[in-house]
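We did not get these values from a lab; they are worked out from the coordinates using the rules stated. Small disclaimer: the values here were computed from a predicted structure and weren't measured. Here the Cβ positions follow ideal geometry from the backbone for every residue, glycine too, while neighbour counts run over all protein chains shown.
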Amino acid sequence: MNCHNCGGKLEEIITDLPFKIRHNATIIIKKLPILQCQNCNEYLIEDAVMEKVDYILERIDRTAELEILTYVAA
C-alpha cells in the first residue's frame with residue numbers, strides 16, 4: 001500500500017499513540033499496529049484496528065486526565 005500523502009511505501013509497525021479525548025484528557029494506547037510511511041512518517045490506522053480503538057475509548061474512565069492502555073489484538 002502507498003502513502004496518500006507522498007506516495008511512499010507503507011510499512012506495518014507497532015507503536016504507541018496518544019488520543020486526545022477532551023481538552024484536558026489524553027489516552028495513550030501502547031503496542032498499536034499501524035501502517036507508517038517509510039518516507040514522510042505519515043501513518044494510517046486500518047479500519048479493524050480503529051474499530052477496536054473506538055471500543056476502547058468508549059469504555060475509559062471519564063474522570064482520568066491521562067490513561068495508558070495496551071492494545072491487545074483479539
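What do you get for GluC sites (Glu not before Pro) in region 1-51 restricted to DSSP loop and a cutoff of at most 16 other Cβ within 10 Å of the site's Cβ? List each step's numbers first, then the result.
Numbers: sites: Glu11, Glu12, Glu42, Glu46, Glu51; in loops: Glu42, Glu46.
Sites meeting the loop and neighbour criteria: Glu42, Glu46.
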Length gained if Leu57 through Arg22 is fully extended, taking 0.36 nm per residue and subtracting the Cα-Cα distance, is 11.5 nm
Semi-axes in Å, largest first, for the chain (Cα gyration tensor, √(5λ)) are 25, 13, 10
Taking alpha-carbon centroids only, region 1-35 lies from region 47-65 a number of Å equal to 14 Å
Label model pair Ile13, Glu46: point-to-point distance (7 angstrom along the Cα→beta-carbon line) in nm is 1.7 nm
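What number comes out for the charge environment of Lys30, summing +1 per Lys or Arg and -1 per Asp or Glu over other residues with Cβ under 13 Å away? Walk me through the numbers on the way to the answer.
On the way: positive: Lys31; negative: Asp16, Glu67.
Net of charged neighbours comes to -1.
Rounded to the nearest 500, what is the 222 nm mean residue ellipticity of the chain from helices alone, with -39500 (n - 2.57) per DSSP H run of 4+ residues and division by all residues? List each step's numbers first, then the result.
Numbers: 1 runs with 12 residues, N = 74.
One gets -5000 deg cm²/dmol as the mean residue ellipticity at 222 nm.
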Distance in nm between Gln38 and Ala64 label points, each 7 Å along Cα→Cβ, equals 3.6 nm
